[in-house]
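Right, one structure below, let's go through it.
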Amino acid sequence: MSLLGNIIWLIFGGLAVGAGYIIGGLGICLTIIGIPFGIQAIKLGIATLAPFGRTIEETSEVG
């Protein structure tokens, strides 16, 4: 069921959202100060490509 949800998500806008986050993250990485924010934006873009069947867990460790 999650495979079907991911395919529908990609067709109806998920690909554009994921690509936007990844391209935006690469743009932010052009500045030294923006590198940590750019890396997180790229990770978020990758996570938005297949959101169904994934979980995001908050941890207290750095890195």
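Yes or no, residue by residue, for (1) surrounded by 12 or more Cβ atoms within 10 Å (Cβ to Cβ); (2) touching a residue at least 40 places away in the same chain (Cβ under 8 Å); (3) within 10 Å of the chain's Cα centre (by Cα); (4) under 25 Å from residue 58 (Cα atoms):
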| site | (1), (2), (3), (4) |
| --- | --- |
| 4 | no, no, no, no |
| 12 | no, no, no, no |
| 18 | yes, no, yes, yes |
| 27 | yes, no, no, no |
| 31 | no, no, no, no |
| 38 | yes, no, no, yes |
| 41 | yes, no, yes, yes |
The condition from (1) out of contact with any Ser or Thr (no Cβ under 9 Å at 6 or more places or on another chain); (2) part of a helix (DSSP H, G or I) that residue 32 misses is numbered (2)
Of the residues in region 31-51, those that are of a type in the set (A, V, I, L, M, F, W, C), farther than 30 Å from residue 3 by Cα and touching a helix residue (DSSP H, G or I) at 6+ places or on another chain (Cβ under 8 Å) come to 35
Got a number for residues in region 28-55 being farther than 25 Å from residue 12 by Cα and either touching a strand residue (DSSP E or B) at 6+ places or on another chain (Cβ under 9 Å) or among the hydroxyl-bearing types (Ser, Thr, Tyr) (or both)?
-> 1
So which of 63, 5, 53, 13 ends up being modelled with pLDDT under 95, in a helix (DSSP H, G or I) and at positive phi?
-> 13
Within region 44-63, tally of residues that are loosely packed, with under 14 Cβ neighbours inside 10 Å and of a type outside the set (Ser, Thr, Tyr) = 10
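The values are calculated or read from the model by the stated rules, or taken from the named source; none is laboratory data. This structure is a prediction, so every number in the text was calculated from the model and none was measured. Glycine also receives a Cβ, built like all others from the backbone with ideal geometry; neighbour counts cover every protein chain displayed.
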